[in-house]
Amino acid sequence: MSAVRRSPVRGAAPFIIGIGLLWLAVIVLLPLGMVFAEAFRKGVEGFLKAFDEPDAWAAVRLTLLVAAISVPLNALFGLAAAWCVTRYEFRGKALLTTLIDLPFSISPVISGLVWVLLFGSAGWFAPLLDALGIRIIFTVTGLVLATILVTLPFVARELIPLMQQQGADEELAAVTLGAGPWAIFSKITLPNVRWALLYGVLLCNARAMGEFGAVSVVSGHIRGLTNTLPLHVEILYNEYDFVGAFATATVLAGLALITLLIKSLLEWRFADELAATRRH
Amino acid sequence: MTSIPLPRRWRWKEPSVLPGFGLTFGFVVLYLSLFLLIPLAALIVRPWELGLDGFWRQITTPRALSALQLSFYTAGVAALINAVMGLLLAWALVRYDFPGKRIIDALVDLPFALPTAVAGIALTAIYAPNGPIGAWFNDVGIRIAYTPIGILLALVFVGLPFVVRSVQPVLEDVDHEVEEAAETLGASPFQRARLVILPAVLPALISGAGLAFARAVGEYGSVIFIAGNMPLKSEIAPLLIVIQLEQFNYAGAAAIGLAMLGLSFLILLVMNGLQTLLLRRGRK
């Protein structure tokens, strides 16, 4: 860690730190604390009652399932995109990079809406789906599609700057020595980016499990069938089962805290193997 | 080694000995088409089923106009608040040492990690008229939850990390010698902050605020619980899209979505231009 620099505004330190910490406490910590306070409002029993419901467990399973499909796909996409963008020079590269980042500037609701426009009852592909007897909207498939779109950039975005910075020297040397494509990938590229890959997968997973807007549009809120954990929280809340809603929310808050913990550990322990913007 | 200049032919890809271009490029283009481009094409094309007139009518109903206005206005104010407080927080984290700094630093990312629906119900519980903070304000006649102030608060929450994270690395790199030179030459603390540090961090500040703004315009989960969702008063544009969809008005929903997307890209484009301009001026 670098030595602390002298501030140009001397004597302002306690003032600036004080305001900064107070702001963080009110805006960020208070809501987090509130989740746990409300969850235990009726004691441990009230808290545990929320997990007595089969619907809650169905929501947990569905959330895990959706993440288990969409996160590996986006990880594979991230690896392919990073290899393609950082190892070759071709026209349209800037456009490709912009497209990869695009889902970050799209509203989650729009990321759900687009799938309804394609596959909903008045969607472009509705006649085709009817003929084939397939349903996408209000099913798990729809949830997966919406989640993939929302979390598409996460892995690619961690890998691209890192692989750009590492350069292709090691891989070029391996080619010269006669290594095949799989050997290059598994013995050089993958070990070089493994921590950044894990970092990207971690953030991708947190968003996939916590996504609300996009899945809310395509889910139809069918209890036990298309209700993910965040949607389950919403339903309980709207039914005025506040303790149940907040108790379920503690699972998601716990997930967020674990994500932050692993993320910070990666930043401290493997700083050199993450993209420069992730080093603290 | 001398190189012989070869006649340059136009080609779209430079040759490389590394394997895998065809495979990875093909996969990336296919993946982007399936999961991003075809869906977006639907958003861009479907509103025009109504014709130019119909499209215009959909986005200029009093309800749609007020929703769009509310979303953009609150997102703008939230981005401004986050720019100021984010700069201050980044400053505290980079320039000073205090106990628990690493934990504080990690907690800045909580709004990224906490699912929006969880943030939404927690904020509502705090600022509702019977909540711990909402009750104080209620006593002096200010309502926070179920008004645009509540929306603003939720947007400040979701946007908090963006400015901090974009300003932090730049602040770490500000050339300390320039600051010292300014001090030696008799610049006052505020002159130094304004003339040396602010110009250096301004491009990062603008890009961070731009990201916070883009996120806030489309934000849904953390807002709908605290917003109250009264048409013409506290109904945000993303919620109006959901309502149109529930009434099977696909083209109308797509029209509002397209208007939202177009407007926010326009604003991001202007902010990008501003940033480029500042960077270019900084280099001179």
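The values are calculated or read from the model by the stated rules, or taken from the named source; none is laboratory data. Note that the structure is predicted; figures quoted are calculated from it, not measured. Heads up, the Cβs are rebuilt from the backbone with ideal geometry, glycines too, and the neighbour counts pull from every protein chain shown.
Only one of the listed residues (A:Leu30, A:Leu76, A:Leu24) is exposed (fewer than 14 other Cβ atoms within 10 Å of the Cβ), farther than 30 Å from B:Tyr250 by Cα, within 12 Å of chain B (Cβ to nearest Cβ) and modelled with pLDDT of 95 or more. That residue is A:Leu76.
Checked against the criteria, A:Ile69 counts as surrounded by fewer than 20 Cβ atoms within 10 Å (Cβ to Cβ) and modelled with pLDDT of 95 or more.
Are any of the residues in the stretch A:176-190 of a type in the set (A, V, I, L, M), at the interface with chain B (Cβ under 10 Å from one of its Cβ atoms) and free of Cβ contacts under 8 Å to residues at least 60 places away in the same chain?
Start the filter on the stretch A:176-190 by keeping residues that are of a type in the set (A, V, I, L, M), which leaves A:177, A:179, A:183-184, A:188, A:190.
Those left that are additionally at the interface with chain B (Cβ under 10 Å from one of its Cβ atoms): A:179, A:184.
When the remaining residues are screened for being free of Cβ contacts under 8 Å to residues at least 60 places away in the same chain, the result is A:179, A:184.
Yes - at least one qualifying residue is present in the stretch A:176-190.
Would you confirm, using the coordinates I've provided, whether B:Asp97 is assigned to a helix (DSSP H, G or I), among the acidic types (Asp, Glu) and facing chain A (nearest Cβ under 9 Å)? It is false that B:Asp97 is assigned to a helix (DSSP H, G or I), among the acidic types (Asp, Glu) and facing chain A (nearest Cβ under 9 Å). How many of the residues making up the stretch A:83-95 are within 7 Å of chain B (Cβ to nearest Cβ) and buried (at least 18 other Cβ atoms within 10 Å of the Cβ)? Of the residues in that region, 4 qualify. One residue alone among B:Val158, B:Val84 is assigned to a helix (DSSP H, G or I) and surrounded by fewer than 23 Cβ atoms within 10 Å (Cβ to Cβ), and that residue is B:Val84. Taking the criterion of being touching a Pro at 6+ places or on another chain (Cβ under 9 Å), more than 10 Å from every other protein chain (Cβ to nearest Cβ) and within 17 Å of A:Trp115 (Cα to Cα), the residues of the stretch B:244-284 that qualify are B:Gly252, B:Ala255.
Considering A:Ile100, A:Ile137, A:Ile148, which residue is closer than 18 Å to B:Leu40 by Cα, in contact with a Ser or Thr (Cβ under 8 Å, 6 or more places away or on another chain), touching a residue at least 40 places away in the same chain (Cβ under 8 Å) and within 9 Å of chain B (Cβ to nearest Cβ)? Steps first, please.
Numbers: A:Ile100 fails: in contact with a Ser or Thr (Cβ under 8 Å, 6 or more places away or on another chain); A:Ile137 fails: within 9 Å of chain B (Cβ to nearest Cβ).
Exactly one of A:Ile100, A:Ile137, A:Ile148 is closer than 18 Å to B:Leu40 by Cα, in contact with a Ser or Thr (Cβ under 8 Å, 6 or more places away or on another chain), touching a residue at least 40 places away in the same chain (Cβ under 8 Å) and within 9 Å of chain B (Cβ to nearest Cβ), namely A:Ile148.
Yes or no, residue by residue, for (1) in contact with a helix residue (DSSP H, G or I) (Cβ under 7 Å, 6 or more places away or on another chain); (2) closer than 14 Å to B:Val108 by Cβ:
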| residue | (1), (2) |
| --- | --- |
| A:Gly18 | no, no |
| A:Val28 | yes, yes |
| A:Phe36 | yes, no |
| A:Val44 | no, no |
| A:Phe47 | yes, no |
| A:Ala50 | yes, no |
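For the stretch B:232-271: of the residues being of a type in the set (Val, Ile, Thr) and in a helix (DSSP H, G or I), which is nearest to B:Pro47 (Cα to Cα)? If we take residues in the stretch B:232-271 being of a type in the set (Val, Ile, Thr) and in a helix (DSSP H, G or I), then B:Ile256 is nearest to B:Pro47 (Cα to Cα).
Of all the listed residues (A:Gly178, A:Gly244, A:Gly220, A:Gly200), the sole one being more than 23 Å from the chain's Cα centre (by Cα), within 30 Å of B:Ala122 (Cβ to Cβ) and of a type in the set (Gly, Ala, Ser) is A:Gly244. Of everything listed in (1) within 22 Å of A:Phe242 (Cα to Cα); (2) among the aromatic types (Phe, Trp, Tyr); (3) under 26 Å from the mean Cα position of the chain (by Cα), the single unmet condition for B:Trp136 is (3). Among the residues of the stretch B:214-244, how many are surrounded by 24 or more Cβ atoms within 10 Å (Cβ to Cβ) and free of Cβ contacts under 8 Å to residues at least 40 places away in the same chain? So the answer is 1. A:Trp268 meets all of the listed conditions (1) more than 14 Å from A:Ala50 (Cα to Cα); (2) touching a residue at least 24 places away in the same chain (Cβ under 8 Å); (3) within 10 Å of chain B (Cβ to nearest Cβ); (4) surrounded by fewer than 20 Cβ atoms within 10 Å (Cβ to Cβ) but one, namely (2). What residue, among those in the stretch B:9-35 that are charged (D, E, K, R) and either part of a loop (DSSP other than H, G, I, E, B) or at pLDDT 90 or above (or both), is surrounded by the fewest Cβ atoms within 10 Å (Cβ to Cβ)? In this case the residue turns out to be B:Arg9. Every test in (1) at the interface with chain A (Cβ under 7 Å from one of its Cβ atoms); (2) within 25 Å of the chain's Cα centre (by Cα) is passed by B:Lys13 save one, and that test is (2).
Residues that are more than 10 Å from chain B (Cβ to nearest Cβ) and within 29 Å of A:Leu266 (Cα to Cα) were ranked within the stretch A:201-227; the one that is surrounded by the fewest Cβ atoms within 10 Å (Cβ to Cβ) is A:Val201. Among the candidates B:Asp105, B:Asp173, B:Asp139, the residue that is of a type outside the set (Phe, Trp, Tyr), within 10 Å of chain A (Cβ to nearest Cβ) and at negative phi is uniquely B:Asp105. Sort out which residues of the stretch A:83-106 are over 18 Å from the mean Cα position of the chain (by Cα) and closer than 26 Å to A:Ser186 by Cα, and write them in order of number. Within the stretch A:83-106, A:Trp83, A:Cys84, A:Val85, A:Thr86, A:Arg87, A:Tyr88, A:Glu89, A:Phe90, A:Lys93, A:Leu96, A:Thr97 meet the criteria.
Screening the stretch B:252-284 for residues that are crowded, with 18+ Cβ neighbours inside 10 Å and small (Gly, Ala, Ser) and picking the one that is farthest from B:Pro62 (Cα to Cα) gives B:Ser264.
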